[in-house]
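Student: Quick one: the structure is below, questions incoming.
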Amino acid sequence: MKGKITMKLKKMICVLAAAAVAASFAACGSGESSSEDGADTTAAAAAEPAQGEAQAALSAADIADKLHSEITYVDSLNELSPEMIEKIYGISADKYTSGKVYVGGVSTAEEIACFDAVDEAAAAAIKTACDERIAAQIKSVESYNPDELPKLQNPVLVTRGNSVLMCLSNDNDKAKEIIG
């Protein structure tokens with residue numbers, strides 16, 4: 001019995017340490033508000049497009065920003081760098097033309113991951129990576145924060161063409177509305 005408790009404690013410490021490292025890396029790059037070409041994206045993310053065609057014209061990164069700004073989260077979400085996306089999700093930057101991931105800290109399973117894949121095969125690989133991330137998160141929170149399981153057991157995970165859009169929050173209706 002003592003061995004099981006020690007193993008669970010060790011596992012929980014490892015999970016918490018990994019999440020803390022990911023959050024600290026994410027915090028390092030979270031202050032940027034411009035795109036790669038230097039244009040300010042804050043106003044574009046805040047603009048309210050009409051449903052339908054205008055919504056479909058948004059990039060995955062724009063949709064991630066809308067999910068981040070228009071849904072109320074329990075935790076503070078931090079943007080991950082492409083390097084951290086690859087480390088946590090296993091999705092290399094050459095698999096997508098537009099992508100953004102926001103993760104919470106250790107207290108919640110809240111997360112946003114949106115990608116416009118380079119092709120159909122990359123979209124399938126990204127969808128699989130999102131499914132695997134959700135499964136890993138379920139295993140992690142089962143032991144230390146089971147109240148977060150509903151977010152993971154009923155995720156918003158949409159594949160539309162070559163886009164893969166995921167949101168783990170307490171407001172699935174709003175997430176689905178934003179994703180379109």
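Bear in mind these aren't lab numbers, they're just calculated from the coordinates by the rules spelled out. Because the structure is predicted, anything quoted here is derived from the model rather than measured. All Cβ positions, even for glycine, are placed from backbone atoms using ideal geometry, and neighbour counts span all protein chains on display.
Student: Between their Cα atoms, which of Lys95/Lys151; Lys151/Lys174; Lys66/Lys95; Lys95/Lys176; Lys95/Lys139; Lys87/Lys176 are more than 20 Å away from each other?
Tutor: Pairs exceeding 20 Å: Lys95/Lys151; Lys66/Lys95; Lys95/Lys176; Lys95/Lys139; Lys87/Lys176.
Student: Take the Cα of Ser92, step 7 Å along the line toward its Cβ, and report every residue of segment 153-174 whose backbone nitrogen sits under 16 Å from that point.
Tutor: Inside the label zone: nothing.
Student: Dipole of segment 131-180, Cα-centred, from +1 at each Lys and Arg C-beta and -1 at each Asp and Glu C-beta, to the nearest 20 debye?
Tutor: Approximately 180 debye in magnitude.
Student: If amide hydrogens are placed 1.01 Å from N in the peptide plane, which non-local residues have theirs closer than 5 Å to the one on Tyr96?
Tutor: Close amide H contacts, sequence-distant or interchain: Val118.
Student: Taking the Cβ of each residue in Lys139, Lys100 as the centre, tally the other Cβ atoms inside 10 Å and list the residues starting with the fewest.
Tutor: Lys139, Lys100
Student: Mind putting a number on the dipole of segment 49-180 about its Cα centre? Charges go on the C-beta only, +1 for Lys and Arg and -1 for Asp and Glu, and I need it in Debye to the nearest 20.
Tutor: Once rounded to the nearest 20, the dipole reads 160 debye.
Student: Non-local amide H neighbours of Ser163 (under 5 Å, H modeled in plane, Pro and chain starts lacking H): which ones?
Tutor: Ala117
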